[in-house]
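Just so you know, all these numbers are worked out from the coordinates, no wet-lab data involved. Keep in mind that what you see is a predicted model, and the values were worked out from it rather than measured. With ideal geometry, Cβ positions are generated from the backbone for all residues, glycine too; neighbour counts draw on all protein chains shown.
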Amino acid sequence: MKHKRAGRLCMLAGALCILLGAGLTGYNLYTDQAAEEQSEQVLAQLRTSCSLPALEEPVSGVTEPAEPMEIYPAQEEASLVIDGERYIGVLQIPALGVELPVRQELSKQGLKKTPCRYKGSAESRDLLIAAHNYSRHFGRIGQLVSDDIIRFIDLSGRVYIYQVDQTQIIDGYDMEEMFAGQWDMTLFTCTLGGKSRVTVRCSLLCRVTPWGDTI
């Protein structure tokens, strides 16, 4: 009798685990889809308001090759408020088919909707951008390889073109390692378990300034 009771308890526990797993999977799919829809809505408004090039669209203007250690002259940062949140630009990753708006400041609620700037800027060549590991956010950045191209477009229309140099897995608590080195741009997201961060380091190739703008 005891063996039968134990067997039933094991079956019930197994069924409960399956239900919990299914519920978690459903929740993850829901949050992933919601984040994608939020990003697309913001992206559409940014494109309409700022006339930004689309993911596969070539850019034109005055090209300034990046020199080692060169910092671009400080300019007032263009931004736009949408639904009470301020945005500073658009990140495009052609190799992954990803195009996302970037919020000006990091927040827990903000990360549920779009990537956020963690620190730095494109012009000071120390930009860090964080996002959740949703499939349409940074969930696939670990697939990027050396020399893949990434573009960051600020809301004045300047296009910063980067190449991927390396991908790292960094301990989630090791912020010293996250800030180590002189990288022009870093993208990062948590691993599925949340204990580590997938980190992509990038170097600036050039900046393209729209025709007619003052450099």
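Structural remarks
- Straight-distance candidates among the aspartates and glutamates for linking to residue 195, with alpha-carbon spacing under 17 Å and chain neighbours fewer than 8 residues away dropped: 171, 174, 176, 177.
- Label-to-label distance, nm, for residues given as residue 163 and residue 70 (7 Å Cα→Cβ offset): 1.6
- Relative contact order (percent, whole number), region 9-209, Cα cutoff 8 Å, 6+ residue spacing: 20
- Shape box of region 114-167 [Cα atoms, principal axes, largest first, Å]: 28, 25, 18
- Volume in Å³ per residue [convex hull over Cα atoms, computed for region 9-209]: 131
- Simple spin-label estimate for residue 124 and residue 47 in nanometres, 7 Å along Cα-Cβ: 3.1
- Here residue 78 and residue 40 are evaluated by their C-beta separation; at R0 = 30 Å the FRET efficiency comes out at 0.90.
- Mean shadow area of region 81-133, taken as a quarter of the surface of its Cα convex hull (nm²): 4.0
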